[in-house]
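*Asks:* Shown below is the structure under consideration.
The values are calculated or read from the model by the stated rules, or taken from the named source; none is laboratory data. Computed from a prediction, not measured in an experiment: that's the story for all the values here. Using ideal geometry, Cβ is built from the backbone for each residue, glycine included, and neighbour counts are taken over all protein chains shown. Ligands, DNA and RNA are excluded from the accessible area calculation, which covers all protein heavy atoms including side chains. Shrake-Rupley method; radii C 1.70, N 1.55, O 1.52, S 1.80 Å.
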Amino acid sequence: RAKALKPSRIDVAQKAAQQFFADKPQRLQVGLVTVAGTAALAQAPTEDRDLLLKAIDYLPLQYGSALGTGILVALEAMLPGSGIDAQKIINESAENGSARNPSTAGQSLDDKKSATPPTGQARQMAIVLMSDGQSNMGPELKQMADLAATHQVKIYTVGIGTTEGDVVQLQGRRMRVKLEDEALKKIS
């Protein structure tokens, strides 16, 4: 809802997402993970551009920004069979205040062996994280980026917003939202 960018931050983000894959090869699979107080797979990786456009058009506006959870949900969708159990990591993060051990984060919490990076196709996978850079909920953002690196998944970041930000009212709360580009640079 921030108006620091015209017509609004969400409109700019939607247009940027649409432009991202407009010129990409049709065989490129693209998925969409939405991030608010938690993250959800809005569209599983697909080559169907119409499905992606519809998912982007209907992005919900909600309170919070769980960027680490977003990366985690994206990894789980991209790497089935890798042992990444997003729900277990999210639950552990909530119980402990944040993911405590990045060397074991991302593997099944029932499996005490170290995470093994996948080979082959995973090297061609990437996450494009479009955000205002503020992460205030869920597993620690840097640890989830380290998990992506462990699985040889690159993360590219796109900042949406301004460093001055804007004050928005959402669900009875007023807050300043601004681009925290340093966090995005660290992830990238």
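*Asks:* Of the residues that sit in the stretch 151-160 and are touching a Lys or Arg at 6+ places or on another chain (Cβ under 9 Å) and open to solvent by less than 20 Å² (accessible area, probe 1.4 Å), which one is modelled with the highest pLDDT?
*Replies:* Across the stretch 151-160, the extreme among qualifying residues is 153.
*Asks:* Mind telling me which of the residues 9, 27 ends up being of a type in the set (Lys, Arg) and crowded, with 16+ Cβ neighbours inside 10 Å? If you could, list the steps in order and put the result at the bottom.
*Replies:* Working: 27 fails: crowded, with 16+ Cβ neighbours inside 10 Å.
Criteria check complete, one pass: 9.
*Asks:* Mind checking which pairs have a first residue in the stretch 30-54 that is within 16 Å of residue 80 (Cβ to Cβ) and a second that is in a helix (DSSP H, G or I) and open to solvent by 30 Å² or more (accessible area, probe 1.4 Å), Cβ under 7 Å, 6 or more apart or different chains?
*Replies:* Listed pairs, sorted by first residue: 31/77; 41/77; 43/51; 44/77; 45/77; 45/78.
*Asks:* Considering only the stretch 161-185, how many residues are part of a loop (DSSP other than H, G, I, E, B) and open to solvent by 40 Å² or more (accessible area, probe 1.4 Å)? Write out each step before concluding.
*Replies:* Taking the stretch 161-185 and keeping what is part of a loop (DSSP other than H, G, I, E, B), we get 161-165, 171-172, 178-180.
After this cut, where a residue has to be open to solvent by 40 Å² or more (accessible area, probe 1.4 Å) as well, the list is 163-164, 171-172, 178, 180.
So the count comes out to 6.
*Asks:* Something else now. Kindly evaluate residue 60 against the criterion of being in contact with a strand residue (DSSP E or B) (Cβ under 9 Å, 6 or more places away or on another chain), closer than 29 Å to residue 164 by Cα and open to solvent by 40 Å² or more (accessible area, probe 1.4 Å). Spell out how you get there, then give the answer.
*Replies:* Values: in contact with a strand residue (DSSP E or B) (Cβ under 9 Å, 6 or more places away or on another chain): yes; closer than 29 Å to residue 164 by Cα: yes; open to solvent by 40 Å² or more (accessible area, probe 1.4 Å): yes.
So residue 60 fits the description; yes.
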